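Before any comments, here is the structure.
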Amino acid sequence: MYIRRLDDKVKIIRFAASAMSLTLLAAATVGAGRAQAASGDLAAFLARAKRMSTLTKPVRADVTVTRADRSTDQAILIVDPRTPGSQYMSVAASGWRSLMPLAWKPGHVVRKTSAEPKSFGPDEPIAGTDLRPMDFFAPWAQDFDTAFISDESRLEKTVTLYAAPGTPYSLYVVTFDKAMIVPRVIKYYRGDFTNLVRLREDSDYTMVGSRPLPQAITIHDYTENSQTGLRLKWSVLEHVPNGLLNIDTFYKTAFK
């Protein structure tokens with residue numbers, strides 16, 4: 001009698017264990033489905049953010065550059081998405097002019113009046129400031145497959161993205177405004193999370209054509225322990241001056 005009761009107890013225990021295993025398996029399956037759905041939601045969010053950062057019309061920004069020592073300079077930025085990957089920038093005081101692609105590719109620069117164009121990379125400082133050509137395209141908009149949410153609140157979403165191979169950085173940590181789907185803060189890392197080398201803060205967004213663009217940018221360069229502030233006055237251009245986005249003539253084209 002005792003043995004039969006013991007066998008019954010063993011059967012009950014085995015049945016309970018089997019039922020618990022099935023429950024855990026079902027929960028894991030549901031959890032995996034939710035994780036995949038969240039990943040898809042994030043990819044869609046980042047795709048929208050990338051579209052919001054891509055201009056649809058030529059624009060101009062009249063820029064006031066303020067360095068950490070409070071010295072200032074005036075600059076002009078022109079971006080034309082109709083011309084394959086071109087952005088032009090000139091800095092008044094030095095005669096510095098550049099023509100850059102809107103991508104991780106080298107462009108050209110003249111550093112003073114009457115100089116000849118030289119090769120210039122997208123991560124090189126512009127005219128003694130912390131500004132770089134990559135600041136006018138979205139360097140974080142590479143591969144979203146490995147992106148993940150590092151923090152989230154009602155108003156903001158912070159996403160960690162791995163940089164594309166062959167670029168100067170390893171990680172970007174981008175805090176987006178969830179309503180406008182635009183970056184508020186971009187952190188640039190080399191190596192790993194312990195090596196923050198650059199931080200960019202965007203604010204005072206305004207609509208320029210159909211895209212929101214920042215009217216204030218602050219850049220902190222921790223490798224040089226320096227900071228540059230930018231104030232930008234944006235306008236949509238109907239026409240880009242002839243020759244301005246041509247490698248042979250950009251540094252000789254006169255315009256106001």
Worksheet entry | Extension gain from Thr66 to Ala115, taking 0.36 nm per residue of separation minus the Cα-Cα distance | 15.1 nm
Item to complete: Could you bin all the Cα-Cα distances of the range 131-256 into 5 Å bins starting at 0 and give me the percent of pairs in each, rounded to whole numbers?
Response: 2, 9, 16, 19, 18, 15, 11, 6, 3, 1
Worksheet item: What is the magnitude of the charge dipole of the range 53-236 about its Cα centre, with +1 placed on the Cβ of each Lys and Arg, -1 on the Cβ of each Asp and Glu, and no other charges, expressed in debye to the nearest 20?
Response: 520 debye
Worksheet entry | Glu152 long-range amide H proximity, modeled H, under 5 Å | Thr158
Discussion item. Can you list residues from other chains, or at least 5 along the same chain, whose modelled amide H is less than 5 Å from the amide H of Tyr205?
Written reply: Gln215
Discussion item. Per residue of the range 144-150, what does 6.51 cos²θ - 1.76 cosθ + 1.60 with θ = phi - 60° give for ³J(HN,Hα)? Whole Hz please, x for Gly and Pro, Karplus curve as stated.
Written reply: 8, 4, 9, 5, 8, 7, 8
Worksheet item: Quick one: which of 122-135, 177-190, 155-168 comes out on top by average Cβ neighbours within 10 Å, and what's the full order, highest first?
Response: 122-135, 177-190, 155-168
Fill in: Per-q log10 I(q)/I(0), the range 53-236, q = 0.08, 0.12, 0.15, 0.17 Å⁻¹ (Debye; single scatterer per alpha-carbon; no solvent)
-0.25, -0.57, -0.93, -1.22
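Values in this text are rule-based calculations from the coordinates and carry no lab data. Because the structure is a prediction, the values reported are computed rather than measured. Virtual Cβ from ideal backbone geometry, glycine too; neighbours counted across all protein chains shown.
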